[in-house]
Amino acid sequence: LAVAPPPPGHFTLTRAQAGATEYISGQQTYRMLSARGQSLVLEPLLVRIAPGGRREDAYGHPGEEFAFVLEGELIYEVDGVEHRLYPGDSVHLRSTVPHSMYNDTDRVTTVVSVVTPRLF
């Protein structure tokens, strides 16, 4: 069986068995869902938010964010308005708008998130 050459900078293929890079920041664990492509700008992540984490101050930054709740509940504050998200709910925003997220439950919340620019 021939080994495929590495993909070009405009394409990545990430196999489940390859193992994923994870980062921990406060109450959140970020698992990379894709390898890096030189000319790709989206950062797809699986985010696990610990229960009862502290509420962060809302802030804005360049780019866009998308979050899709897989499990649990999440409060996503956008421009001073809180939105409680449940499994199957999503939010998509320009990240320059002040925003924050918070898990006020006693269960871990799991979210698929896609952001620009890259966080890691």
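The values are calculated or read from the model by the stated rules, or taken from the named source; none is laboratory data. Since we're looking at a predicted model, the values are computed, not measured. In this analysis, Cβ positions are derived from the backbone assuming ideal geometry, glycine residues included, and neighbour counts consider all displayed protein chains. Calculation scope for accessible area: heavy atoms of the full protein, side chains included, ligands and nucleic acids excluded. Shrake-Rupley method; radii C 1.70, N 1.55, O 1.52, S 1.80 Å.
General remarks:
- HN-Hα J in Hz across the range 105-120 - Karplus 6.51, -1.76, 1.60, θ = phi - 60°, x for Gly and Pro: 9, 9, 10, 5, 9, 10, 9, 8, 10, 10, 10, 9, x, 4, 8, 10
- For the range 26-118, the relative contact order comes to 39 percent (Cα pairs under 8 Å, sequence separation of at least 6).
- The accessible surface of the chain, taken with every protein chain in place and a 1.4 Å probe, is 55 percent carbon and sulfur.
- Solvent-accessible area per residue, Å², over the range 57-101 with all protein chains present [probe radius 1.4 Å]: 55
- Distance in nm between pseudo-label sites at Glu82 and Leu46 (7 Å out along the Cβ direction from Cα): 2.9
- Derived scalar couplings ³J(HN,Hα) [the range 83-88; Karplus, 6.51 cos²θ - 1.76 cosθ + 1.60; whole Hz; x for Gly, Pro]: 10, 8, 9, 10, x, x
- Nonlocal amide H pairs with His61, under 5 Å, H built at 1.01 Å: Thr96, Val97
- At q = 0.12, 0.14, 0.17 Å⁻¹ the log10 of I(q)/I(0) for the range 1-103 amounts to -0.50, -0.66, -0.90, computed by Debye summation with a single uniform scatterer per C-alpha, solvent ignored.
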